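Some notes on the structure that comes next.
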Amino acid sequence: MPDSKPDAIDLRSDTVTRPTGAMWEAMRGAELGDDVLGDEPSVLRLQQRVASELGKDEACFFPSGTMANQSAILATTQPGDEVICHPTAHIYHYESGAPAALSGVTLRFADGERGMYEPDALSACVRPVNHHFAPARLAIIENTSNGGGGSVWPIELVERVAARAREHGLKTHLDGARLWNASVASGVPLKDFAQHFDTVSVCFSKGLGAPVGSAVAGDTQTMARVYRIRKMFGGAMRQSGLLAAACTFAMDHHIDRLADDHANAKHLAESLAPFEPLTIDAASIETNIAFFRVDPGWGPASKLVDMLEAQGVRTIASAPDQIRVVTHLDVSRPMIDRAIEIVAGVCARKTEQETA
Ligand SMILES: Cc1ncc(COP(=O)(O)O)c(C=O)c1O
């Protein structure tokens with residue numbers, strides 16, 4: 001099966017990648033069974049590998065990161081509990097109110113720079129034991145932080161926050177949709193991050209370039225609940241070895257190359273920083289996500305997105321005055337250089353019009 005890469009330079013997300021020819025071949029050659037009946041060899045092998053790389057007893061394959069996160073939340077809370085996360089957390093912003101709808105929990109926000117928070121911010125969210133208050137039950141961190149601009153939680157901060165969470169008697173969940181990015185950027189092994197959490201979710205469909213697939217890992221007792229919840233949510237699949245084969249291929253071939261995506265994001269940010277109406281702190285780019293501020297005096301970010309789209313560069317207006325670009329497997333360095341030319345051209349043209 002040939003590669004079917006689109007022509008546009010699509011920087012909206014690292015989720016837009018298409019399977020490579022070699023990944024299609026791996027999918028075609030997958031040994032299949034029925035995962036709901038428990039005999040899907042490709043899924044079982046992937047789950048064992050993920051559990052082992054995260055240093056957990058078991059892992060469970062999921063169709064999406066959202067279902068993975070929400071299953072972990074339901075498995076570790078009771079209705080009426082409070083869950084603590086950063087205000088930019090994906091589980092809050094982009095999962096459609098699921099913590100309230102599916103687990104009946106309230107959210108409380110521990111704030112901090114670039115999607116991260118300190119132990120004291122966590123403690124400030126934990127209210128005294130009193131029948132007026134929702135009991136804090138679960139602390140969540142996201143590594144890398146999507147809303148924080150792809151920031152990597154330093155391992156020492158993870159250790160301190162997780163230790164504080166345990167002091168408060170909280171469970172901990174790591175939204176590791178981009179944990180491989182964090183690991184490649186920091187040199188910290190996956191296991192070292194994961195050991196501090198009761199449950200960890202990872203996604204194969206972000207930087208790793210698989211079309212579909214996520215996983216939750218944890219201890220045997222918690223995972224028994226996670227397996228049941230996956231079934232309840234409709235996430236148990238049949239010949240899902242097709243997908244597991246793509247995910248396994250992605251783990252075999254697409255982890256080390258994440259460093260290229262990180263270098264490309266930094267190169268984009270450094271090259272475009274001098275252009276009006278964009279502002280970015282290029283030094284803060286650690287992985288594959290970059291947020292550019294668009295001067296509101298120039299116009300809304302959505303206008304810039306439309307102008308770039310018309311020239312074949314796809315981005316997202318992540319706020320009225322902000323665009324987000326994400327680098328990934330399907331954008332090479334020459335494509336990044338072309339995108340820089342196009343963005344600079346659009347910005348330069350605007351300046352020329354203004355001064356004309
Ligand atoms: C940090 C984070 N967590 C979870 C998800 C959810 O993944 P999915 O789109 O597979 O549901 C995303 C999606 O981009 C994400 O960025």
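Based on this model, can you work out whether D192 counts as away from the ligand (no atom under 15 Å from the Cβ), within 22 Å of T287 (Cα to Cα) and open to solvent by 60 Å² or more (accessible area, probe 1.4 Å)?
Details: away from the ligand (no atom under 15 Å from the Cβ): yes; within 22 Å of T287 (Cα to Cα): yes; open to solvent by 60 Å² or more (accessible area, probe 1.4 Å): yes.
The answer is yes for D192.
Any idea which of A301, A348 is modelled with pLDDT of 95 or more and among the small types (G, A, S)?
Exactly one residue qualifies, and that residue is A301.
Name the pairs: first residue in the range 94-109 and of a type in the set (D, E), second residue modelled with pLDDT of 95 or more and open to solvent by less than 40 Å² (accessible area, probe 1.4 Å), Cβ to Cβ under 8 Å, at least 6 apart or on different chains?
E95/N69; E95/Q70
Which of the residues that make up the range 216-247 are of a type in the set (A, V, I, L, M) and within 17 Å of the chain's Cα centre (by Cα)?
Taking the range 216-247 and keeping what is of a type in the set (A, V, I, L, M), we get 216-217, 223-224, 226, 229, 232, 236-237, 242-246.
Across the range 216-247, the qualifying residues are V216, A217.
Please specify each residue of the range 10-24 satisfying the condition of being within 14 Å of the ligand (Cβ to nearest atom) and either of a type in the set (D, E, K, R) or over 12 Å from T315 (Cα atoms) (or both).
R12, D14, T15, T17
Name the pairs whose Cβ atoms lie under 8 Å apart, with the first residue in the range 7-18 and at pLDDT 95 or above, the second within 13 Å of the ligand (Cβ to nearest atom) and polar (S, T, N, Q), and 6 or more positions between them or separate chains?
These pairs meet every condition: D14/N288; T15/S205.
Could you tell me which of the residues E95, E113, E82, E142 is open to solvent by 50 Å² or more (accessible area, probe 1.4 Å) and either within 15 Å of the chain's Cα centre (by Cα) or acidic (D, E) (or both)?
On the way: E95 fails: open to solvent by 50 Å² or more (accessible area, probe 1.4 Å); E82 fails: open to solvent by 50 Å² or more (accessible area, probe 1.4 Å); E142 fails: open to solvent by 50 Å² or more (accessible area, probe 1.4 Å).
Testing whether each residue is open to solvent by 50 Å² or more (accessible area, probe 1.4 Å) and either within 15 Å of the chain's Cα centre (by Cα) or acidic (D, E) (or both) leaves just E113.
Inside the range 33-56, can you point out the residues that are farther than 24 Å from M232 by Cβ and open to solvent by 40 Å² or more (accessible area, probe 1.4 Å)?
The first filter runs over the range 33-56 and keeps only residues farther than 24 Å from M232 by Cβ, leaving 41, 45, 49, 52-53, 55.
If the condition is that a residue be farther than 24 Å from M232 by Cβ and open to solvent by 40 Å² or more (accessible area, probe 1.4 Å), then R45, R49, S52, E53, G55 are the ones that fit.
Quick one: which residue in A182, A110, A177 is touching a helix residue (DSSP H, G or I) at 6+ places or on another chain (Cβ under 6 Å), under 30 Å from I323 (Cα atoms) and within 12 Å of the ligand (Cβ to nearest atom)? Give the steps one after another, and end with the answer.
Values: A182 fails: touching a helix residue (DSSP H, G or I) at 6+ places or on another chain (Cβ under 6 Å); A110 fails: within 12 Å of the ligand (Cβ to nearest atom).
So the residue among A182, A110, A177 that is touching a helix residue (DSSP H, G or I) at 6+ places or on another chain (Cβ under 6 Å), under 30 Å from I323 (Cα atoms) and within 12 Å of the ligand (Cβ to nearest atom) is A177.
Residues that are part of a strand (DSSP E or B) and open to solvent by less than 10 Å² (accessible area, probe 1.4 Å): does the range 124-139 have at least one? Reasoning before the result, please.
Our first condition is that a residue be part of a strand (DSSP E or B); within the range 124-139, this holds for 136-139.
Now narrow it down to the ones that are open to solvent by less than 10 Å² (accessible area, probe 1.4 Å): 138-139.
Yes, there is a match, as at least one residue in the range 124-139 is part of a strand (DSSP E or B) and open to solvent by less than 10 Å² (accessible area, probe 1.4 Å).
How about the range 48-95: which of its residues are touching a helix residue (DSSP H, G or I) at 6+ places or on another chain (Cβ under 6 Å), β-branched (V, I, T) and near the ligand (Cβ under 10 Å from one of its atoms)?
T88, I91
Go through the range 48-72 residue by residue and tally those that are in a helix (DSSP H, G or I) and more than 19 Å from the chain's Cα centre (by Cα).
Start the filter on the range 48-72 by keeping residues that are in a helix (DSSP H, G or I), which leaves 48-54, 65-72.
Filter once more, so that each one left must be more than 19 Å from the chain's Cα centre (by Cα): 48-49, 52.
Looking only at that region, the number is 3.
The values are calculated or read from the model by the stated rules, or taken from the named source; none is laboratory data. Given the structure is predicted, the values throughout are model-derived calculations rather than measurements. Methodologically, a virtual Cβ is constructed for each residue, glycine included, from the backbone with ideal geometry; neighbour enumeration extends over all protein chains shown. Note: areas computed on protein heavy atoms with side chains; ligands, DNA, RNA excluded. Shrake-Rupley method; radii C 1.70, N 1.55, O 1.52, S 1.80 Å.
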